[in-house]
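Just so it is clear, none of the values below were taken in a lab; they were calculated from the coordinates. Just so it is clear, the model here is predicted, and its values are computed rather than measured. Backbone-built Cβ (ideal geometry, glycine too); neighbour counts: all protein chains shown.
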Amino acid sequence: MLPLLSLLVSGCSIHPVQQDVTGVPPVDIIHHIRCETRLAIEDKAIELLFAYKGGQHEPSINLAKSLQAKRGQVWKFDPRILTTQEERAFYNRYIRTGIAYDFTLDVTEDNRTALLADPVRLITNGVAGIGVGASGDFSRNNARRFIMSDTFAKLLADDHLVCGGDGVENFVYPIAGRIGIRELISTFIDLNEDKSLQTLDSGSRVFADTMTFLTTLTGSVSPHVEIAPVGSHWGVASPTSFSAFAQRIDKHMVIIGLSMDISKGVAGAAVLSLADRRSALQKSNVVSPAEQSALDAVRQARFDAYLDRATH
């Protein structure tokens with residue numbers, strides 16, 4: 001009986017990971033989100049060029065149309081092609097913006113099985129019986145976390161980033177599809193232009209957003225078998241029942257931090273003052289102060305969330 005139970009619960013993964021059900025490994029998730037971010041930056045630039053001076057500035061409209069034809073592709077161009085000094089100032093203000101991603105992929109699997117049989121009851125034609133049962137309860141958890149960063153300039157110029165269409169939303173596993181970065185980028189720029197974001201001593205404006213997606217899949221089965229007695233005598237059938245329950249909970253979280261470029265005169269002080277609070281998980285080749293500021297923003301968002309849970 002126990003070997004039978006072992007066979008029935010063999011579907012429980014020893015090392016559960018999100019691609020078991022989404023079919024999308026973490027490296028592809030990162031690629032999708034970086035492409036979504038590139039498209040969001042490009043779409044915002046195209047939108048602003050079309051709307052410049054009430055949509056009546058023909059050079060800006062022509063530039064927007066030419067960029068729209070290369071949407072999703074690498075954008076490498078000299079800012080001097082921008083048609084006005086105001087457009088060039090806007091480009092210089094945002095092109096070095098840092099963006100950081102803090103991913104957590106947390107998977108929990110629970111499997112429970114139970115088998116109940118009464119073989120003696122069948123042999124004695126219901127006169128006597130002995131219930132025999134066995135059960136198993138299995139739980140597995142895997143939490144995977146990784147951190148990375150970019151700048152707007154790197155995303156737009158990365159030759160290795162091949163972006164197709166917009167992708168689709170995955171309502172069961174949102175992290176495996178489009179997650180809504182376009183609105184995030186647009187809001188960040190609009191708030192900065194409205195001068196309503198907090199300004200650090202470094203002169204940088206920062207913004208952080210936390211997206212949490214929880215997917216719970218539950219299934220159960222409880223077949224019941226009645227085995228008729230052998231022979232022509234009436235008797236009580238012998239019941240055999242088996243029940244199985246399986247649940248998988250996928251909690252996917254991504255914290256996205258954005259930071260405008262940091263003034264060169266104060267960048268060193270800004271980085272050193274936060275060095276003791278940085279995560280060892282972040283990549284080591286961060287060369288942009290704005291990237292580091294964005295990384296610090298996602299770490300601060302995670303720390304703030306921890307404090308909120310601890311005090312409520």
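So here's what we get for this one:
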read-out: V74-L307 pseudo-label distance in nm [points 7 Å out on the Cα-to-Cβ vector]; value: 4.3
read-out: Inter-centroid distance (Cα atoms) of region 155-188 relative to region 12-65, Å; value: 4
read-out: Additional length obtainable on full extension of the chain from S135 to D158, 0.36 nm per residue less Cα span; value: 2.9 nm
read-out: Label-to-label distance, nm, for residues given as N92 and M211 (7 Å Cα→Cβ offset); value: 3.3
